[in-house]
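Bear in mind these aren't lab numbers, they're just calculated from the coordinates by the rules spelled out. In this text, all values refer to a predicted model and were calculated from it rather than measured experimentally. Neighbour counts are summed over all protein chains in view; Cβ atoms, including those assigned to glycine, are modelled from backbone coordinates with ideal geometry.
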Amino acid sequence: MAIDQLSPHYQDAAVSTETRNRVLRNTYGLLALSMIPTVIGAWVGIATRFSLFAGSPAIGFIAFLAIAWGFMFAINRYKNSSAGILLLLGFTFFMGLMLSRLLGYVLGMANGTSIVMMAFGSTAAIFGVMATIATVSKRDFSGMGSWLFVGMIVILLAAFANIFLQIPGMMLAISALSTVVFSLFILFDLNRVVTGGETNYVMATLSVYISLYNVFSNLLALFGIGGGND
């Protein structure tokens, strides 16, 4: 009788584990795919010298947030259909465009290619460490969510303020804090998939992509500043 009573629970646990593993695999697959439009967007941006901030940096910053949040709202709306995937890929192309100005600036340095590769390698290492911790650790990191959200808001407000203040030291501090906060966001987001908190791989990919993008772009800024001072 005990075996008959317990077997459905074991079956439910097996299905739950299988579902989590499938979501994680699909997340990694879609994340890898999203790098293609990002690279294309960056290439197009560099080739056309695209800049959303060419006129007014403040208006450009607000426009960027409006477009990005518009994409995220639409992706969430269509997350259960192929339209959600297409919107996600469109979003990553847009983010590649936004990265092109910084990327073009760094590549213009004498050691620009080395700086880009160093930022890419460091981002990959951070992702590997955070993914391993999220997958192997038995801990639930959901408690970090509120603190990370506060950190993100502080970063956004500080970045907007520095558009007017133009303080180099503040820019360095923002990039350093962003690298730490979004590295922890990678851990938080992947842990949500592992623990079953996120069961939609499109939304999981979106969250991890944004964190990876911010880690890479801020490391690129930090290394670029350091490289420019050599």
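A few notes on this one:
- Positive-end residue, the chain charge dipole about Cα centroid, Cβ charges, pick of Pro37, Val181, Ser217: Pro37
- For the chain, fraction of C-alpha pairs farther apart than 29 Å, in %: 31 percent
- Estimated purely from DSSP H runs of n ≥ 4, each contributing -39500 (n - 2.57), the mean residue ellipticity at 222 nm for the chain is -30500 deg cm²/dmol once divided by its residues.
- Potential extension, Ala32-Ser146 segment - 0.36 nm per residue separation minus Cα distance: 38.3 nm
- Diagonalising the gyration tensor over the Cα atoms of the stretch 100-230 and scaling each eigenvalue by 5 before taking the square root yields semi-axes of 28, 18, 11 Å, largest first.
- Computed label-point distance, nm, for sites Thr19 and Ile133 using a 7 Å Cα→Cβ extension: 2.8 nm
- For the stretch 10-128: rounded, prolate or oblate by the Cα gyration tensor [a/c cutoff 1.5]: oblate
- Rounded to whole Å, the principal axis extents of the Cα atoms in the stretch 26-77 read 40, 29, 12, largest first.
- Furthest towards positive pole of dipole, Val129, Val202, Gln166, structure part the stretch 66-220, Cβ charges: Val202
- Lys, Arg +1 and Asp, Glu -1 on Cβ, resulting dipole of the chain about Cα centre, debye, nearest 20: 260 debye
- Largest GNM mean-square fluctuation across Ile62, Ile85, Ile210, computed for the chain with C-alpha springs under 10 Å, falls on Ile62.
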